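Below is one structure, written out as structure tokens; the observations come after it.
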Amino acid sequence: MAGLELLFNCVSNSISCSQDALICFVHWEIVKSGYKCLGIGDEPANGEKKSELLPAGWNGSKELYTLRYRSKDDKSNLLLKAFTVDSTLIFNLMDSKTEKVTDLTVNVNEYIAEGNLQTFESVFKNTDELIIKLKSSLLPPEKEERQEKNERKRESEKASNLRDSNNDPLLIPHRAPPTRHPPDWPNPMAPFAAGGADLDPFGGRAGGMIVDPLRAGFPRSGFDPSFGIPGVLPPGAVPPGARFDPFGPVGRNRPGPDPDHMPPPGYDDMFM
């Protein structure tokens, strides 16, 4: 508050009402947020210079206060207007860079002691509450706060875009190349490797000339040779789990001779 005290002492002789004191307080909060005052009125004047002090004629009208500000980096201008309505001041603040307008209505008597307008130690009251209102509703955010807010906005947009892309029914999903395992070939340099799968069909090695539909890796048809093959093999002819080399079609509806069209017994003997 040391800066505010110096400012107040500079203009205390010109403060004639509670509205003047409140404008002095709001002006200093704008200066603290990174701006300096250029002058009064809506239009710039020749020879204006940025200053932390209030310009001449700042309280010439008690009904309408108009002050212009510029940021320290000269990238943003503010236009502050305050309208007196009974015991309240209605503030409007426009940021020329973003064209955003904020407003705040303040009850003057809640923050200014009218009987002590010339005494800095007692003229302002409830200052912490007033500062919170100004920062949340009227003043532009400070540079660090703007950067943090923009960073959060970018992160939110990035997450939103990622969710939208995952839910896009037209998006071609990313597909990784299929994982293929190399075949388990025997060592070609081993002297007895050739034909090992045929010489030892029960050794569990892949390959060989014996066809085993139960272990070939193809979908099973539900056929189990251990139950026998009607008209071909009796039940138990093939041990359960044994390698089986089918010597004809297996399963239902297998092709074969039609019993209704087979020659009668002894038919072949008639021609011998």
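The values are calculated or read from the model by the stated rules, or taken from the named source; none is laboratory data. None of these values were measured; they are calculated from a predicted model. Here the Cβ is made from the backbone with ideal geometry for all residues, glycine too, and neighbour counts use every protein chain on show. Ligands, DNA and RNA are excluded from the accessible area calculation, which covers all protein heavy atoms including side chains. Shrake-Rupley method; radii C 1.70, N 1.55, O 1.52, S 1.80 Å.
Once the whole set of protein chains is in place, how much accessible area is left on Ile40, using a 1.4 Å probe, in Å² to the nearest 10?
Surface open to solvent at Ile40 totals about 70 Å².
Just the Cα atoms of region 71-152: what Rg and Dmax do they give in Å?
Answer for region 71-152, Rg first and Dmax second: 15.2, 47 Å.
Given H placed 1.01 Å from N in the peptide plane, which residues other than close sequence neighbours of Thr88 have an amide H under 5 Å from its amide H?
Val108
Can you tell me the dipole magnitude for region 7-159 around its Cα centre, using point charges on the Cβ only (Lys, Arg +1; Asp, Glu -1), in Debye to the nearest 20?
That gives region 7-159 a dipole magnitude of about 540 debye.
Take the alpha carbon atoms of region 1-155, find their radius of gyration, then divide it by 2.2 N^0.38 Å using N residues; give the quotient.
Taking the Cα Rg and dividing by 2.2 N^0.38 Å, one obtains 1.03.
Find the accessible area per residue for region 68-124; the probe is 1.4 Å, ligands and nucleic acids are left out, and the unit is Å².
55 Å²
Compute the length gained on full extension between Lys158 and Thr105: take 0.36 nm times their separation in residues and subtract their Cα-Cα distance, giving the result in nm to one decimal.
Numbers: separation 53, 0.36 × 53 = 19.08 nm, distance 3.71 nm.
Extra length available between Lys158 and Thr105 comes to 15.4 nm.
Keeping the other protein chains in place, figure out the carbon and sulfur percent of the accessible area of region 9-60, with a 1.4 Å probe.
48 percent
Using a 1.4 angstrom probe on the protein heavy atoms only, line up Leu64, Leu130 by accessible area, largest first.
Leu64, Leu130
Probe of 1.4 angstrom, ligands and nucleic acids ignored: what's the accessible area per residue over region 11-56, in square angstrom?
Per-residue accessible area for region 11-56 comes out at 44 Å².
Hey, quick one: spin label on Lys72, modelled 7 Å out along Cα-Cβ, who in region 18-37 has an amide N within reach, i.e. under 18 Å?
27-37
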